[in-house]
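Worksheet: the structure to be examined is printed underneath.
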Amino acid sequence: MNDQAVATSDDVLATLPLAELHAHLGASINPAVLWQIAHDMGVKLPQTEYEDFRQAITLSVTRKMDLEEYFRQIYHPVLDRLSSGTHAVEQATYHTMCGAYRSGIRLIELRNNPMKHNQEAALDLDHIIMAMIHGMERALLEYRRLSAGLIFCLDRTFDFNRNAIIVDKAIKYHERGVVAIDVAGPASSEFHFKDYAKLFEIARRAGLHITVHSGEVAAATDMWEALEHVQPARIGHGIRAAYDKPLMKELARRRVVLEVCPLSNLATQAVENLDELRFILRTFVENKVPFCINTDWPEVIEGAHLREEYRLLFEQEILTEEELRACSRTAFGASFIPTGGGLEAYLRRRRPASAEDLLAQLERP
Ligand SMILES: [Zn+2]
């Protein structure tokens, strides 16, 4: 990489407005905040030194872990546990959104499965959700130009009834900033999008948007089924589409945006190396598949903050400056947060009518 290119990279990265559309709450909490939450709640951790804790939960390009193994060893037992309960979930949402804004992110859609934060149903789900909303609203108040929304994730390993409760809660809190539903979690042979067609249609009619995790790993690559049965506006990851030409054609035709998360894919070995990443993204560019750049797990993968993801793609000459700008535009354009953004727009969303309208209603005979 020559000096000219590095200078251009710095220039691009200093000015590019960023939108984060794919980040999971549990893996978006700064380790120092997690450490603080653990001590707030008196949780006994295996590590007594902060740095040992940070290293134990963090992946990097040199410390990779298979996706299933990471779910089993770290994600569920540590990250989900430390972001469970009303105090933890509120602190986690608040600090994550504030931290995102301070790092240059102007719009953030944060996703999670509320049922993984209620201590195995020991806690009331509505309390968990309200705590999350409270954390988000406090962040919006402190950083008034931030746009923020929540996405609730259904889980491939949950049965239909449990997933239906999550959709019900998403509809219930839609007016309070829950903008969409998603399907996440490890692959399961029991899960089929066709079983969810009706439920997703109900969600859509209630005003929720739809994204689904698919095509990250071979075991959970069911993008054709997702398109047919639940018609998502976006797909989380979707990188396996690069190996299916008719699918790319269909994604481009429908303008379905892929939420690509480069460093997460490298750290969990969903993508083998930078060469495969280059192949995938260049194939999407050539086939006009819309995609944007996201983090997935920005705080548990070293060097995986959103700006650093853009920097990596530029410095490795995977995407050009103009293509990265296009990714940023695509992300803002594909956001599920109503246009306008910021605190005032968020409050307007919740205001059913102006004061004049309400007075006129009162005066009506
Ligand atoms: Zn994800």
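None of the figures in this text is laboratory data; all of them are computed from the coordinates on show. Given the structure is predicted, the values throughout are model-derived calculations rather than measurements. Cβ placement follows ideal geometry from the backbone for every residue including glycine, while neighbour counts extend to all protein chains displayed.
Look at residue 211 and say whether it is among the polar types (S, T, N, Q), in contact (Cβ under 8 Å) with a residue 40 or more places away in the chain, at negative phi and within 16 Å of the ligand (Cβ to nearest atom).
Against the criterion (among the polar types (S, T, N, Q), in contact (Cβ under 8 Å) with a residue 40 or more places away in the chain, at negative phi and within 16 Å of the ligand (Cβ to nearest atom)), residue 211 qualifies.
For region 86-107, how many residues meet the condition of being out of contact with any helix residue (DSSP H, G or I) (no Cβ under 7 Å at 6 or more places or on another chain) and under 20 Å from residue 40 (Cα atoms)?
1
Please verify whether region 243-260 includes one or more residues that are within 24 Å of residue 303 (Cα to Cα) and out of contact with any Leu (no Cβ under 8 Å at 6 or more places or on another chain).
No: region 243-260 contains no residue that is within 24 Å of residue 303 (Cα to Cα) and out of contact with any Leu (no Cβ under 8 Å at 6 or more places or on another chain).
For region 141-152, enumerate the residues that are under 18 Å from the mean Cα position of the chain (by Cα) and in contact (Cβ under 8 Å) with a residue 60 or more places away in the chain.
146, 147, 148, 149, 151
Of all the residues that make up region 223-248, how many are more than 15 Å from the ligand (Cβ to nearest atom) and either in a loop (DSSP other than H, G, I, E, B) or farther than 22 Å from residue 194 by Cβ (or both)?
The number of residues fulfilling the criteria is 8.
Tell me which residues, restricted to region 264-287, are of a type in the set (Val, Ile, Thr) and either farther than 20 Å from residue 58 by Cβ or away from the ligand (no atom under 16 Å from the Cβ) (or both).
280, 283, 285
Filter region 146-197 down to the residues that are assigned to a helix (DSSP H, G or I) and among the β-branched types (Val, Ile, Thr) and list them by number.
165, 166, 167, 171
Name the residues in region 316-346 that are among the aromatic types (Phe, Trp, Tyr), closer than 12 Å to residue 179 by Cβ and within 18 Å of the chain's Cα centre (by Cα), would you?
Hit for region 316-346 is 336, nothing else.
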